[in-house]
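Inspection log for the structure reproduced underneath, given as C-alpha cells.
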Amino acid sequence: MFYTSYFGHTRTNFDGTSAVQTHMTNSRLTDPEILEWRFPVLLESFSIRKNSGGKGKYQGGDGVKRHIRFNENMTASILSNHRKIPPYGMAGGSAAKTGNNWVQRADGKIEQLSSTATVEMEAGDVFVIETPGGGGYGV
C-alpha cells in the first residue's frame, strides 16, 4: 500500500500534504462511520502524526495515527509499506519517519507487528497503525 510516502512527497515549490492515504488499488480511506457500521470496531482516534514528514526547504507531509478498538473477536490483516526503509527525500531533503503497526491487548501487553501481518484480535484489543510521512525536498 502507498500511504503518505508517495502522495505526501513534496513538489519543487510547496510542502507535501499531510494525512493522505492512497492504496495501490486507488481506493481511499473509508469514512469512520462506514467502518464502524460494517465491522464491530470503534475508531477511537485518528490524528495527524506530527513531525513524521521529512525536513527540507519544502516539508514532506505527515502521516496519520489510528487506534481501532475491536468489540468482538475477529481476524485482522494489514498490508503496509515503509516500515523498515523510510520514504526518501529529494534534492537534499531528508527522509520521512517510517510507519509502525502494533496491537495493544486488553490486558495492556503490546504486540509489535511487521508491515504485513495477520493477527487474531479479541474484544477490547486495539490495533494501532502509524503511517509514514512523505520525504522532504530541497535544503
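Restricting the trypsin sites (Lys or Arg not before Pro) of region 36-139 to loop positions (DSSP other than H, G, I, E, B) with no more than 15 neighbouring Cβ atoms within 10 Å leaves K50, K57, K84, R105, K109.
Label sites at E36 and S77, each approximated as a point 7 angstrom past Cα along Cα to Cβ, lie 2.7 nm apart. About the centre of its Cα atoms, region 4-130 shows a dipole size close to 740 debye [charges on the beta carbon of Lys, Arg (+1) and Asp, Glu (-1) only; nearest 20 debye].
Our summary gives region 38-132 a relative contact order of 34 percent, counting only alpha carbon pairs under 8 angstrom and 6 or more residues apart. Sorted largest first, the principal axis extents computed over the alpha-carbon atoms of region 4-130 equal 47, 28, 24 Å.
Just so you know, all these numbers are worked out from the coordinates, no wet-lab data involved. Because the structure is predicted, anything quoted here is derived from the model rather than measured. So basically every Cβ, Gly included, is an ideal-geometry build from the backbone, and we count neighbours across all protein chains shown.
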